[in-house]
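We did not get these values from a lab; they are worked out from the coordinates using the rules stated. Everything numeric in this text was worked out from a predicted model, so none of it was measured. Every residue, glycine as well, gets a Cβ built from its backbone with ideal geometry; the counts of neighbours run over all protein chains shown.
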Amino acid sequence: MRYSQVGVALLSVMFILTLLTTFAVYMVEEDHLLLRRAQNQRTITQGTQLAFGSEQWAARVIQRDLKLSKTDHLGEDWNKLGSPVSVNDGKLRTTITDLHSRFNLNNLSSRDKVWYPAFKRLLRLLELDETLVEAIVDWIDSDQQRTHAGGAEDLEYQLNDPPYRAANQSMADLGELLYVQGFTAEIVELLAPFVTVIPNAKVTKINVNTCPPLLLQILGDQMTAADAESLANARGETGFESIEIFLQRPELAGEANVTAEPMISLSSEFFQINSQVSIDRLGLNMESIVTRNAARESVSVISRKRGYL
Ligand SMILES: [Ca+2]
Ligand SMILES: [Ca+2]
């Protein structure tokens with residue numbers, strides 16, 4: 001048995017243990033009245049508990065990963081979840097996404113020399129208007145000065161119907177982008193696979209072991225799609241082991257070597273756990289953002305979003 005298979009088997013055992021704890025709560029006598037309303041309520045509670053069980057389990061997988069490697073890459077156990085698991089009358093699907101595999105929009109709090117030009121490159125590669133970045137900077141920065149003609153502050157948002165104001169602070173959710181001048185649902189959908197919002201003022205780097213090739217291409221102005229593909233392939237099954245090895249790659253020779261350095265990492269701190277529960281007629285999706293502290297070997301939830309289908 002390969003090591004990774006042993007790893008996955010162990011994860012399943014951990015998962016079952018977590019669920020047993022959850023289900024102990026539901027081993028209660030059947031309600032004789034069988035009121036549909038009570039049943040619905042019970043299904044919602046049970047589904048919610050399952051989602052929390054899934055979150056707890058995934059958090060343990062992320063925590064356990066610290067003991068297995070110093071870097072984070074796509075060949076690791078946390079990235080192997082996703083198969084639906086049958087539980088009692090329902091199904092549960094848990095997935096973990098490394099949020100450092102995306103561009104954190106909260107890095108755009110000013111027209112800096114690192115993230116601002118990199119985001120412009122992303123917009124260009126997606127064939128979007130580069131000045132969209134100006135509106136994000138204004139949305140996040142604390143002042144009321146438009147940074148550029150493409151920007152927008154209270155004065156511009158007050159003209160909308162209904163009028164509203166710029167957030168003037170870091171974003172809390174990707175959905176907020178729909179309020180930023182120039183962004184439409186189509187643009188947000190196009191950007192979504194490559195960007196994230198980590199509800200934290202801190203700048204987060206891009207993990208080059210987990211990000212899509214398009215984000216490798218924004219590391220330098222002269223990078224081509226072929227360079228990015230070649231870099232992604234060079235990660236192999238276990239990813240790059242050091243930043244030095246990565247920066248020495250021929251694809252990054254010259255200017256990209258300098259522009260890439262402040263943007264990249266090989267390990268991650270923020271992850272998103274998705275717990276999809278379907279039980280009875282209920283569909284529940286819970287998104288939890290967690291932060292992992294390597295020094296303390298701890299994982300804690302910083303935000304949760306729940307939606308019913
Ligand atoms: Ca790891
Ligand atoms: Ca502002």
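Residues of the chain were split at every exposed loop site, defined as trypsin sites (Lys or Arg not before Pro) in a DSSP loop with at most 11 other C-beta atoms within 10 angstrom, and the longest piece left, sites excluded, is 114-280. The calculated Kirkwood hydrodynamic radius for the chain is 21.4 Å, given to one decimal from all distinct C-alpha pairs. Normalise the Debye intensity by I(0) for the stretch 74-123, one equal point scatterer per Cα, no solvent, then take log10 at q = 0.27 Å⁻¹ and round to two decimals. Computed log10 I(q)/I(0) values: -0.98.
Karplus-derived 3J(HN,Hα) values for the stretch 256-269, using 6.51 cos²θ - 1.76 cosθ + 1.60 with θ = phi - 60°, are 4, 4, 7, 5, 5, 3, x, 9, 10, 8, 10, 9, 10, 10 Hz; glycine and proline are entered as x.
Evaluated at q = 0.22 Å⁻¹, a Debye calculation over the C-alpha positions of the stretch 160-271 (equal weights, vacuum) places log10 I(q)/I(0) at -1.22. If Rh is defined by the Kirkwood formula over all Cα pairs and Rg also comes from Cα, what ratio Rg/Rh do you get for the stretch 127-193? Checking Rg against Rh, the ratio lands at 0.94.
For the chain, the number of Lys pairs with C-alpha atoms closer than 19 Å, counting only pairs eight or more positions apart or on separate chains, is 7. In the chain, excluding the sites themselves, the longest stretch lacking any of the GluC sites (Glu not before Pro) that are in a DSSP loop with at most 14 other Cβ atoms within 10 Å is 131-236. Candidates Phe183, Leu132, Thr147 compared by Cα position along the dipole of the stretch 127-193: farthest toward the positive end lies Thr147, with charges placed on Cβ. Extending 7 Å from Cα along the Cβ direction at Arg93 and again at Ala294 yields two label points whose distance is 3.2 nm. Measuring how big the stretch 165-220 is from its alpha-carbon positions, Rg and Dmax come out at 12.8, 38 Å. Once the chain from Arg60 to Ser110 is taken as fully extended at 0.36 nm per residue, the excess over their C-alpha distance is 14.4 nm. With the simple spin-label model, which puts each label point 7 Å out from Cα in the Cβ direction, the Leu68 to Tyr164 separation comes to 4.0 nm. You can think of it this way: the chain between Leu282 and Val258 has 3.6 nm of extra reach, that is 0.36 nm per residue less the Cα-Cα gap.
Figure the gain on full extension for Gln248 and Asp129 (residue separation times 0.36 nm, minus the Cα-Cα span) and round it to one decimal in nm.
39.6 nm
Relative to the dominant Cα principal axis of the chain, helix 3-24 is inclined by about 60°. Please report the projected area of the stretch 39-179's Cα convex hull averaged over all directions, in nm². The orientation-averaged projected area of the Cα hull of the stretch 39-179 comes to 13.1 nm².
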